[in-house]
Amino acid sequence: MTIIKRVCGIVLCMALLAGCGYHVAGKGGQMPGGATAVSIPVFVNETSKPNIESVVTGAFVDTFVNTVSITGSAAVVMKGVIKSYVLTPVSYTRSDVNQEYRLTIVMAITLSRGAETLWSAENITNYKDFAVNQADVTATKEAEDKALAKIALDTARLVKENMLSGF
């Protein structure tokens, strides 16, 4: 009986070691086209909101730096376009004063080597709600900035996971 338990234990260990291709999201896989170095120029801002491109581009650089070498002269280039930046009131107080906004960003990302597109996605949409501070406009602006930073980082992680998994 103990021999059967040992054999079953060995078979179970071998099965676990062999794995089934599972990996933590964003940690496995390979960049499209086998890219090992990527250039990420500042994203194009097609919105009327100034200076958001640096926040979004920075989030993508921070997210991809652990996967590939980020350099200004790589053959593979990741280009991004911020197509939309929309603030929408989400909730109101009893006196009909806005108490929460939803910030929605729409982007397009393309990874290419010369004229060859290795990966692309249009209309990548993400949003984050944030509170309005009626007593402090600066606090509301800071909340909006934090929402933008969170959206940028979450979107960069999502794009990375999709690229590495081949979606």
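Couple of notes before you dig in:
- Of the residues making up the stretch 117-136, just one is among the β-branched types (V, I, T) and touching an Asp or Glu at 6+ places or on another chain (Cβ under 8 Å), namely V132.
- Only listed residue being under 17 Å from E161 (Cα atoms) and of a type outside the set (S, T, Y), chosen from V65, V42, V76: V65
- Residue match in the stretch 53-67 (condition: of a type in the set (S, T, Y), in contact (Cβ under 8 Å) with a residue 24 or more places away in the chain and assigned to a strand (DSSP E or B)): no
- Every condition in (1) under 21 Å from the mean Cα position of the chain (by Cα); (2) of a type in the set (A, V, I, L, M, F, W, C); (3) more than 20 Å from S48 (Cα to Cα); (4) surrounded by 15 or more Cβ atoms within 10 Å (Cβ to Cβ) is met by I105 except one, and the failing one is (3).
- Of the residues making up the stretch 125-141, those that are open to solvent by 80 Å² or more (accessible area, probe 1.4 Å) and free of Cβ contacts under 8 Å to residues at least 12 places away in the same chain are A135, V137, T138, K141.
The values are calculated or read from the model by the stated rules, or taken from the named source; none is laboratory data. Not measured: the values here are computed from a predicted model. Cβ: placed from backbone, ideal geometry, glycine included. Neighbour counts: every protein chain shown. Accessible surface areas use protein heavy atoms only, side chains included; no ligands, DNA or RNA. Shrake-Rupley method; radii C 1.70, N 1.55, O 1.52, S 1.80 Å.
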